[in-house]
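Remarks on the structure that follows.
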Amino acid sequence: MRIVSLVPSATEMLFALGLDDQVVAVTHECDYPPAATSLPRVTRDRLPDGLTAAQIDAAVKERTLRGESIYELDAELLHELQPNLIITQALCKVCAVSVDDVRELAEEIDSQPIVVALDPHTLGEVLGDARTIAQATDAKDAAVDLIREAAARIDRIRLLVRGARRPRVVALEWLDPPYAAGHWTPQMISYAGGEDVLGFAGESSQEQTWDLVAATEPDVVLVMPCGYDAEIAHREAEMHRDQLAALGAGEVIAVDAASYFSRPGPRLIDGLELLAHVIHPELVPVSTELAAKAITVEL
């Protein structure tokens, strides 16, 4: 089978299921696992480089209102590759090319590829995507193993934090303007032994005001700008030091969203373990490498 992945999380899932030898192309944002970076890219970004967070937000809103994607497909290369399966997503207009555009193009390709659009909103649905991909690729045994291991790790974390105090947590997936993280993140915070006081499990991320964020009186603020690593998240937090300080939280932590929170793939389980360590460091030890993906913001 010849597979094209149009979502970084799907690329990670395909490799985790042992299907890497069948993946013939990925997106320009697919950077994990490292082997994926050597594959042809069939998407590119329409937004110019060097935009601030506020400018990115404005540009995305403008294009979304016009019904346009911020990414475009390399149609010529897709025709050359002649895939049998294209995996995309229908969850977020910001995260990938339009699923309608993908289906329209697929109808024009001689190989008539099947298009699978993933749409997870919870941690369980993310794991369910492993089954969806497995059914389309005959990798059912690998999916069973992946889901079993993930479930065991989730159960371990929930047992470690059972009965512990549950601090009030706010997760911000953008800072200018502030957005409360939704989808699977509130669920992960709950599993990690916290109480998300701003986001709603399974619901879309929501734009907020700093006054509304402050009104939740958080104990912990997680700075996790969508698609950014911990260092860039920390830099963004430094740029909003006054607003974050005004929240009155005991801790403000910048984390690696790009690897462990933004992408609904296998590494969300690592993100859960990191969250549990951040919220309950005395109960949940993690490796030095993983712990380094959370950086305290000094206010």
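Read the figures in this text as sums done on the coordinates, not as results from a lab. Everything numeric here is computed off the predicted structure, so don't read it as measured data. With ideal geometry, Cβ positions are generated from the backbone for all residues, glycine too; neighbour counts draw on all protein chains shown.
Under the convention that each Lys and Arg Cβ holds +1 and each Asp and Glu Cβ holds -1, the size of the dipole of the chain around its Cα centre is about 800 debye. Charged neighbours of Pro186, selected by a Cβ distance under 10 Å, balance to -3 (K, R count +1; D, E count -1). For the chain, a Gaussian network of Cα nodes joined below 10 Å ranks Val286, Val221, Val170 by mean-square fluctuation, and the top entry is Val286.
Look at the Cα gyration tensor of region 259-299: its axes a ≥ b ≥ c give a/c of at least 1.5 with a/b at or below b/c, and that counts as oblate.
For Ile189, Ile295, which order do you get if you count the other beta carbons within 10 Å of each Cβ and list the fewest first?
Starting with the residue having the fewest Cβ neighbours, the order is Ile295, Ile189.
Arrange the following residues from fewest to most other Cβ atoms within 10 Å of their Cβ: Lys140, Lys293.
Lys140, Lys293
Inter-part distance, region 237-299 to region 136-153, computed on C-alpha centroids, equals 27 Å. Can you find, among Pro281, Val126, Trp210, the residue sitting farthest towards the positive end of the charge dipole of the chain, where Lys and Arg contribute +1 and Asp and Glu -1 at Cβ? The residue sitting most towards the positive pole is Pro281. Computed over neighbours whose Cβ is under 11 Å from that of Leu275, the net charge equals -2, Lys and Arg +1, Asp and Glu -1. Local charge for Gly202 was computed over the other residues whose Cβ lies under 14 Å away, with Lys and Arg +1 and Asp and Glu -1, and equals -4.
Once you have the alpha carbon radius of gyration of region 165-296, what is it after dividing by 2.2 N^0.38 Å, with N set to its residue count?
0.92
Under the simplified labelling scheme, the Arg148-Arg41 pair shows an inter-label distance of 3.9 nm, with each label point 7 Å from Cα along Cα→Cβ. Taking springs between alpha-carbon atoms closer than 10 angstrom, which of Leu73, Leu272, Leu39 fluctuates most in the Gaussian network model of the chain? Ranking Leu73, Leu272, Leu39 by mean-square fluctuation puts Leu39 first.
Exposure proxy for Ser287, Ser259: other Cβ atoms within 10 Å of each Cβ, ordered fewest to most, give Ser287, Ser259.
Computed packing ranks the peptides 112-121, 260-269 as 260-269, 112-121, most packed first, by mean other Cβ atoms within 10 Å.
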